[in-house]
Amino acid sequence: MKQKSASAGILDTVNEIITKGKEKRILQLYTENPHFNGRDIIIHGVPLVNFGSCSYIGLDVDDRLKTEAIDAIRRYGVQFSSSRAYLACPLYREWETLLERMFGYPVLLTTSVSLGHHAVIPVVVEEGDAMILDQQVHASVQEAAFRMKFRGVDIRIVRHNNLEELEIKIRELVSAHKRIWYLMDGIYSMYGDYAPVGKIIHLLESYSQLHVYVDDAHGMSIAGKNGTGFVLSRAELHPRMVLATSLNKAFGAGGGLFVFPDEKMMLKVKNCGGPMIFSGPHQVPVIAAGIASARIHLSDEIYQRQEGLKARLRYCHDLLLHHELPVISNPETPINFIGLGLTRVGYNMVRRMMDEGFYTNLAVFPAVPETCTGLRFTVTLHHTYADIENLVVKLADHLPVALAEEGRSMNDIYRAFRKVKDFNDRLPEDKGVCHALLKGPAYLVQHENTIENIDSDLWDRLMGSGSSYDWQWLRVLEKIFIGNNRPEDNWDFHYYIIRNHESKPLLAAFFTVALCKDDMLSNGSVSYQVELKRREDPYLLCSKSFMMGSLLTEGSHLYIDRTMPDWKKFFMLLLDTIWDEQARQKAEALLLRDFPAEDMEMDDFLMEQGFLKINLPGHNVIEELNWTTPEEYLDLFNTKNRKYIRDNVLKYEHFFECEIVRHTEPHDLETWYRLYKNVKEKSFELNTFDLPVKFFAIMSASEKCEIMQVTLKPEYSPAGKSIPVAVTFSIITAANNYCGVIIGLDYNYVRTHNLYKYTLYKTVLRATELKANKILLGFTASDVKRKFGARAVPQCAYIQVLDHYNSDVINSMAVSNELNQEADRATEVAKASAFPKGVSSS
């Protein structure tokens, strides 16, 4: 069965989050009001004060807008059904004229801001341009922007509001691109912070190739001359700036508005933007309401409304600070964000606020990172000061109760939101290399930094028979990945055992901290694209990760006694412990991996803790070695599979000799490393750094490792002598599992002599000779391994990324058709020739 991609796993996660929100009656709700007044709504028969509206200055129920809309319907009907490329309702001209008076620049109306981005961006951004996206720019902007990848536009991402990083990217791109576009929001829709507009203008003045595309949807009406928005309240429209804004929120009507620095650019978008030609117009009452709103914006009344809103915002923010709530948002915006940490705390708090008579929003993945759930509420002119005070008081009352009810603390919030408080200052002191910490009345946590401080028999017994590692193999890995020159070759090891007070082990796990490629679990075609860029910048899109297991192990990395009724409690204790360590290590990503994909109980538990589920390639294993000879092995298969092995392996067997290497010379290591690199450079499905040469030296000297070498016989060799064409490094665990670690191949013989399949066949036979209990053949190439009796066990991983910059950007990147085809070809080669491998093998 084909494994789902990481992006499909993300969709499943989003679907599950929304579904749970619906079940808890806090998402996808319907109001039941017979009419609206802007403040009050009814949900499930319960009256609530609405703190979820974006009608910030209260025009949504203004009688003047309603009267104009009703009159327009009587005169023109509900809609004028024609593409504006042909014909438009007469009200459009009046609306456009008023809006151009407001802004003082050419404008273009679209039926929504999101659809407008798809009209404007493909026209104003040209082939050969580059685009730099703020990591938190609105999803509708990102969606339109990433489509430009197909037209050869170079797309980069910068951390949110990080102008230093932005300027570095601009300098990198100026020599190769005529124009560089920076795409940002004016006010960001979740956290309620805003762009440093003045500094952006300074960059525009410093770099003549820089252009800015800004979505100020939430800034419209609340600030600026004539209510033209937050961005234009801070600066004039720059000649190299395009402004998008919403007429759907504070403006009180509907649709999107795009403001251009000159008529020529506006007309080009109007004439060529796809949605301007192929989609319908605004409905007549929306246009009429927009005309009424524009008249208000051109009067002094707009400034009275702005001042009234500002006073409420200041009052609200002062109250939030007074009650010491973890507020993330900026006091100058109407969007307020209270950090909560885990998703289940968010469900709890939003439900509690509804029980108290307030409707607020759950801010949850994918709108925010997995561990950065929050309660989001907006303040509008419809709210009284008493409304605001009552809400804030209830938030302060319920937050500690909700945290306690969910078994969480403020540490979650400190860890997720560095703006609240520096979490590192609150971490418990690190006791050193070996330490045991008593955690509460029920459990004892042992944390070690070397496997040598843990009893080998205990460790091997706990971790069971389903893994590709044991105590001895971890000891070897510790020797390999220490004291190396390259940062990716130095790993920190962390071992945890949780016991009850009778010293009975309840849980055991190990983790490594290592520099990883952010695209490690991405589609192979994406990794191919990124690797092209890494030729110039080897550490592009790489992050320090805190990973369950290691890059050279597979199988279960967690022992947990789930017969115990309190297993979730001591698993939660492990998570709290590693979250602290992750913060100490300053690791951006936390990865729990190699879990059974169909374990729904574990799935629910970890997603409640804010983890994102990602499906992994199948873990290939041969579990029953109930044969003793090659003939008996072949007899296990049906006629079709026997023919496959005869035609693809036995037919070529006479070309090769296979031996178990007992003694190595320095030139052997050089040869094996070259063969390994052949495979590594063609494998993108699990994209990792090259292994250090030291790995091969230590492995060849280790009693844990078995080296199998395949040579081409002299009579078939161009050199007239035996030449090594394949090598495998495998280990035999304490549970007597035969586990492939890496493979090297000479690709001159992969296609012509089926070298990979021959090597795989000899691996199976060697495990049989050793009477192994299982053969672990790693991830990838499941279709080939199945022909040799392997079963691909569905596996999944759970990930948290503290910095959203690295989590989804890679999986969202589009690639051009030409490069996609090249990447697919490279991926197919890797699938056909890569050794049964763990996450790291190449």
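The values are calculated or read from the model by the stated rules, or taken from the named source; none is laboratory data. In this text, all values refer to a predicted model and were calculated from it rather than measured experimentally. FYI the Cβ positions are ideal-geometry reconstructions off the backbone, even for glycines, and counts take in every protein chain you see. We work out accessible area using only protein heavy atoms, side chains counted, and drop any ligands, DNA or RNA first. Shrake-Rupley method; radii C 1.70, N 1.55, O 1.52, S 1.80 Å.
Among the residues of region 187-218, those that are assigned to a loop (DSSP other than H, G, I, E, B) and within 20 Å of V327 (Cβ to Cβ) comprise Y188, S189, M190, Y191, G192, D193, A195, P196, H218. The single condition among (1) in contact (Cβ under 8 Å) with a residue 60 or more places away in the chain; (2) within 28 Å of F417 (Cα to Cα) that I200 does not meet is (1).
A single member of Y652, Y644, Y633 is open to solvent by less than 30 Å² (accessible area, probe 1.4 Å) and of a type in the set (S, T, Y), and it is Y633. Among the criteria (1) buried (at least 22 other Cβ atoms within 10 Å of the Cβ); (2) among the charged types (D, E, K, R); (3) over 18 Å from E100 (Cα atoms), the one R234 does not fulfil is (1). Condition test on Y188, is it open to solvent by less than 10 Å² (accessible area, probe 1.4 Å), closer than 18 Å to S112 by Cα, in contact (Cβ under 8 Å) with a residue 40 or more places away in the chain and touching a strand residue (DSSP E or B) at 6+ places or on another chain (Cβ under 8 Å)? Answer is yes for this residue. Candidates F337, F260: the one that is open to solvent by less than 10 Å² (accessible area, probe 1.4 Å), under 25 Å from G104 (Cα atoms) and of a type in the set (F, W, Y) is F260. Taken over region 132-149, the criterion of being without any contact (Cβ under 8 Å) to a residue 60 or more places away in the chain and either polar (S, T, N, Q) or crowded, with 19+ Cβ neighbours inside 10 Å (or both) is satisfied by I132, L133, A144, A145, M148. Residue count for region 679-728 satisfying the condition of being surrounded by 20 or more Cβ atoms within 10 Å (Cβ to Cβ) and polar (S, T, N, Q): 5. Against the criterion of being without any contact (Cβ under 8 Å) to a residue 12 or more places away in the chain and open to solvent by 30 Å² or more (accessible area, probe 1.4 Å), L298 does not qualify. Within region 27-45, residues that are in contact (Cβ under 8 Å) with a residue 60 or more places away in the chain have Cβ atoms under 7 Å from residues that are assigned to a strand (DSSP E or B) and among the aliphatic types (A, V, I, L, M) in these pairs: L27/L362; R39/V49; I41/L48, counting only partners at least 6 apart in sequence or on another chain. With respect to the conditions (1) buried (at least 16 other Cβ atoms within 10 Å of the Cβ); (2) free of Cβ contacts under 8 Å to residues at least 60 places away in the same chain, H663 falls short on a single one, namely (1). Annotation: of all residues in region 7-41 being assigned to a helix (DSSP H, G or I) and open to solvent by 70 Å² or more (accessible area, probe 1.4 Å), the one that is farthest from C54 (Cα to Cα) is L11.
Among the residues making up region 110-138, those that are under 14 Å from K149 (Cα atoms) and part of a strand (DSSP E or B) are A130, M131, I132, L133.
Taking region 598-628 as the range and being modelled with pLDDT of 85 or more, in a loop (DSSP other than H, G, I, E, B) and surrounded by 20 or more Cβ atoms within 10 Å (Cβ to Cβ) as the test, the residues that pass are Q609, F611. Looking across region 49-69 at every residue that is more than 17 Å from Q304 (Cβ to Cβ), assigned to a loop (DSSP other than H, G, I, E, B) and touching a strand residue (DSSP E or B) at 6+ places or on another chain (Cβ under 9 Å), the one that is least open to solvent (accessible area, probe 1.4 Å) is identified as F51.
Looking at region 145-163, which of the residues that are in contact with a strand residue (DSSP E or B) (Cβ under 9 Å, 6 or more places away or on another chain) and part of a helix (DSSP H, G or I) is modelled with the lowest pLDDT?
Selected residue: K149.
Taking first residues from region 455-482 that are within 18 Å of L551 (Cβ to Cβ) and among the basic types (K, R) and partners that are open to solvent by less than 30 Å² (accessible area, probe 1.4 Å) and modelled with pLDDT of 95 or more, the Cβ contacts under 6 Å between residues at least 6 apart in sequence or on separate chains come to R475/I451.
Each row is one residue, and each column tells you yes or no for (1) crowded, with 20+ Cβ neighbours inside 10 Å; (2) touching a residue at least 12 places away in the same chain (Cβ under 8 Å).
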| position | (1), (2) |
| --- | --- |
| V242 | yes, yes |
| K249 | yes, yes |
| G252 | yes, yes |
| Q283 | yes, yes |
| V286 | yes, yes |
| G290 | yes, yes |
| G308 | no, yes |
| L321 | no, no |
| N330 | no, yes |
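Among the residues of region 573-581, are any in contact (Cβ under 8 Å) with a residue 40 or more places away in the chain, in contact with a His (Cβ under 7 Å, 6 or more places away or on another chain) and either more than 22 Å from A508 (Cα to Cα) or open to solvent by less than 10 Å² (accessible area, probe 1.4 Å) (or both)? Yes, that holds for at least one residue.
Take region 219-232 and flag every residue that is under 20 Å from R295 (Cα atoms) and in a helix (DSSP H, G or I). Matches in region 219-232: K225, N226, G227, F230, L232. Taking the criterion of being open to solvent by 10 Å² or more (accessible area, probe 1.4 Å), over 11 Å from G52 (Cβ atoms) and under 22 Å from the mean Cα position of the chain (by Cα), the residues of region 351-368 that qualify are V364, P366, A367. Go through region 367-389 and report how many residues are closer than 14 Å to G346 by Cβ and not β-branched (V, I, T). The total comes to 8.
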